[in-house]
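All of the numbers you see were taken from the coordinates with simple rules; none came from a lab. Since we're looking at a predicted model, the values are computed, not measured. Because the Cβ atoms are built from the backbone with ideal geometry, glycine has one as well, and the counts that use them run over all protein chains shown.
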Amino acid sequence: MENYLGTIVFLLVGGGFLFVGYFVRNSNRRIQANGIKTKAKIIDFVAERIKNGDGDSNIYHFPVVRFTDKNGVETTQKLDSSANPNRINQPIDIIYLKKGEDYEVMINSAFWKTYFPMIFIILGYMFFGFGIIRLINQTLS
């Protein structure tokens with residue numbers, strides 16, 4: 001079983017990346033298909049320290065935006081995507097989807113809509129593929 005530990009880790013990490021990538025991609029597609037495009041203004045940034053896999057931590061800056069929805073309600077919300085903290089008072093394009101009293105908001109850019117989830121999906125297939133190759137090699141030897 002100890003011989004398979006590395007293989008299991010590759011398969012689990014790959015599966016995790018695939019799950020996150022497809023979840024974000026499907027969420028983005030749902031927001032794009034049903035959401036409303038508008039402009040928002042970055043009014044602040046929230047700095048959060050997030051630990052990475054090797055025990056270190058990095059500081060990420062999440063923009064707080066203000067926008068007016070289609071009903072004229074002005075809303076302020078922290079986004080889930082980090083950005084350059086020097087962009088205060090700059091307008092950005094967003095797509096929002098109102099769910100009850102809450103909003104799902106995404107930045108309307110090719111990177112966040114397409115490339116960001118694809119990074120996770122590609123990494124997921126790479127890790128999962130390495131795990132499969134290791135599994136095949138271990139069972140053949």
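Note on residue 9 and residue 64: the model spin-label points, each 7 Å out from Cα along the C-beta direction, lie 4.0 nm apart.
Under the simplified labelling scheme, the residue 52-residue 78 pair shows an inter-label distance of 2.2 nm, with each label point 7 Å from Cα along Cα→Cβ. How much net charge surrounds residue 113 when only the other residues with a Cβ under 15 Å from the Cβ of residue 113 are counted, with Lys and Arg +1 and Asp and Glu -1? Once all neighbours under 15 Å are counted, the net charge is +1.
Straight distance only, please: which lysines reach the Cα of residue 51 with their own Cα at less than 24 Å, same-chain residues fewer than 8 apart left out? Answer for residue 51, where 24 Å is the Cα cut-off: 78, listed by chain and number. With respect to the chain, whose longest principal axis is taken over its alpha-carbon atoms, helix 5-34 is tilted by about 30°. Taking the longest Cα principal axis of the chain as reference, the axis of helix 116-140 is set at about 10 degrees.
Listed from fewest to most Cβ neighbours within 10 Å, the set 73, 65, 13 follows the order 73, 13, 65. Exposure proxy ranking for 27, 57, based on other Cβ atoms within 10 angstrom of each Cβ and starting from the fewest, stands as 57, 27. Computed from point charges on the beta carbon alone (+1 for Lys and Arg, -1 for Asp and Glu), the dipole magnitude for the chain about its Cα centre is near 500 Debye.
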